[in-house]
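Contents: one structure, followed by commentary.
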């Protein structure tokens with residue numbers, strides 16, 4: 001239980017970026033500079049980022065990629081199932097890279113004061129979701145649990 005650490009990825013197999021690049025190549029896509037930059041950035045991130053955050057982070061790293069291009073890349077990756085959109089109720093869509101079969105799946109804690117998005121994994125929560133689905137004879141295709149509240153930093157500042 002708790003936030004997934006970036007170091008967890010290596011022990012579980014290939015990085016999500018490698019999977020994305022392989023999938024794109026198999027679909028006939030060339031390895032474009034902007035697309036590769038967005039894929040690599042999202043692979044290094046612990047949790048979702050907005051298009052604006054992606055643009056700022058790329059720019060800070062010396063890459064000048066326009067926001068319209070970033071949105072086109074994100075839409076393309078979403079259609080191919082290589083990113084997922086995260087809506088947390090603040091009007092800003094965030095994007096996370098995904099791995100097939102839901103591996104490295106996590107949920108989110110959202111601080112209503114500072115807006116911090118924190119990834120959390122919890123085996124008991126996943127079991128509870130499967131138990132509810134079985135009880136209701138419901139086939140869950142995907143799910144996301146988002147808990148809204150206040151992070152420890154904001155709580156301590158009160």
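The values are calculated or read from the model by the stated rules, or taken from the named source; none is laboratory data. Remember, predicted model here, so these are calculated numbers, not experimental data. We place every Cβ from the backbone using ideal geometry, glycine too, and count neighbours over all the protein chains shown.
Taken over segment 1-16, residues that are touching a strand residue (DSSP E or B) at 6+ places or on another chain (Cβ under 7 Å) and either more than 22 Å from residue 121 (Cα to Cα) or modelled with pLDDT of 50 or more (or both) amount to 1. Quick check on segment 83-96. Is at least one of its residues out of contact with any helix residue (DSSP H, G or I) (no Cβ under 7 Å at 6 or more places or on another chain) and in a helix (DSSP H, G or I)? No, every residue in segment 83-96 fails to be out of contact with any helix residue (DSSP H, G or I) (no Cβ under 7 Å at 6 or more places or on another chain) and in a helix (DSSP H, G or I). Say whether the condition of being closer than 14 Å to residue 93 by Cα and either touching a residue at least 60 places away in the same chain (Cβ under 8 Å) or crowded, with 18+ Cβ neighbours inside 10 Å (or both) is met by at least one residue in segment 59-71. Yes, segment 59-71 contains a residue that is closer than 14 Å to residue 93 by Cα and either touching a residue at least 60 places away in the same chain (Cβ under 8 Å) or crowded, with 18+ Cβ neighbours inside 10 Å (or both). Somewhere in segment 96-105, is a residue closer than 15 Å to residue 50 by Cα, surrounded by 11 or more Cβ atoms within 10 Å (Cβ to Cβ) and in contact (Cβ under 8 Å) with a residue 24 or more places away in the chain? Scanning segment 96-105, I find at least one residue that is closer than 15 Å to residue 50 by Cα, surrounded by 11 or more Cβ atoms within 10 Å (Cβ to Cβ) and in contact (Cβ under 8 Å) with a residue 24 or more places away in the chain, so the answer is yes. Quick one: would you say residue 115 is on the phi > 0 side of the Ramachandran plot, at pLDDT 90 or above and not in a helix (DSSP H, G or I)? So residue 115 fails the test.
Being in contact with a strand residue (DSSP E or B) (Cβ under 6 Å, 6 or more places away or on another chain) and modelled with pLDDT of 85 or more holds for only one residue in 55, 96, 76, 40, and it is 96. Listed conditions (1) under 12 Å from residue 48 (Cβ atoms); (2) touching a helix residue (DSSP H, G or I) at 6+ places or on another chain (Cβ under 8 Å) are all met by residue 108, apart from (2). Within segment 127-155, the set of residues being in contact with a helix residue (DSSP H, G or I) (Cβ under 9 Å, 6 or more places away or on another chain) and either free of Cβ contacts under 8 Å to residues at least 24 places away in the same chain or surrounded by 13 or more Cβ atoms within 10 Å (Cβ to Cβ) (or both) comprises 138, 139, 140, 143, 145. Within segment 126-154, being farther than 22 Å from residue 16 by Cβ and in a helix (DSSP H, G or I) holds for 127, 128, 129, 130, 131, 132, 133, 134, 135, 152, 153, 154.
Among the listed residues 81, 32, 48, which satisfies the condition of being surrounded by 16 or more Cβ atoms within 10 Å (Cβ to Cβ) and either modelled with pLDDT under 90 or within 22 Å of residue 145 (Cα to Cα) (or both)? Just one listed residue meets the conditions, 48.
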